[in-house]
Amino acid sequence: FMLNDALNKIRHLTLQVHNDPENVNRIRMALSEASRDLILLEETLSYLAESLQDLMVPELPQDAKGQRLYEILNCKGMNYSVKMRVDDMAKLISGAANQLRNLQQNTDVISTKQLEDVFKNVDSNTKFLVDASAA
């Protein structure tokens, strides 16, 4: 699942943000790409789920050849199996969406922290200049 791998890379970048401040820009770009991928996955899943709702499993044919083909194709079992995979994918996509939201919130916290650090540095420099000009 490539989206999970991308989210893990983003999480790794958030942990390394103190080593390289440019990681914030990389994180934002990666979050944007992951968000696009997630939207596409959700759309694809909804199309698949909608198709499954409209899918009617045919009745068991009366002739022997039709019955044999019905057994080989395992129509009811395959329909159930695909529905279960759709449910599993919905859960995985939901989990990925939660991870994406958490990473976006973490990035907002990191940006706020960097902004606070800049303000503290400006305040410190301003105090230094005021002290220097008073002397």
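The values are calculated or read from the model by the stated rules, or taken from the named source; none is laboratory data. None of the values given here were measured: they were computed from a predicted structure. Here Cβ is always computed from backbone atoms with ideal geometry, including for glycine, and neighbour counts include all displayed protein chains. Note: accessible area is taken over every heavy atom of the protein model, side chains too, but ligands, DNA and RNA are not part of it. Shrake-Rupley method; radii C 1.70, N 1.55, O 1.52, S 1.80 Å.
Which GluC sites (Glu not before Pro) in segment 15-53 sit in a loop by DSSP (not H, G, I, E or B) and have at most 14 other Cβ atoms within 10 Å of their own Cβ?
E22
Provide the per residue accessible area, probe 1.4 Å, for segment 18-135, rounded to a whole number of square angstrom.
With the other protein chains kept in place, segment 18-135 gives 77 Å² per residue.
For the chain, what is the mean residue ellipticity at 222 nm derived from helices alone (per DSSP H run of n ≥ 4: -39500 (n - 2.57); sum divided by total residues; nearest 500 deg cm²/dmol)?
-31000 deg cm²/dmol
Would you count, across the chain, every pair of lysines whose alpha carbons are under 29 angstrom apart, provided the pair is eight or more residues apart or spans two chains? Show your work: numbers first, answer last.
Values: K9/K91; K9/K113; K65/K76; K65/K83; K76/K91; K83/K91; K113/K127.
So the count of such lysine pairs works out to 7.
Kindly state, as a whole number, the per residue volume in cubic angstrom of the convex hull around the alpha carbon atoms of segment 66-120.
Dividing the Cα hull volume of segment 66-120 by its residues yields 48 Å³.
Which label marks the calculated value of volume of the Cα convex hull per residue in Å³, given the options [x] 127; [y] 101; [z] 236?
Among [x] 127; [y] 101; [z] 236, the one calculated here is [y].
With every protein chain in place, what's the accessible area of F1 (1.4 Å probe, Å², nearest 10)?
F1 exposes around 110 Å² with every protein chain in place.
For the chain, what % of the accessible area comes from carbon and sulfur atoms, probe 1.4 Å? Could you put the intermediate results ahead of the total?
Details: 5910 of 10190 Å².
Result for the chain: 58 percent of the exposed heavy-atom area is carbon or sulfur.
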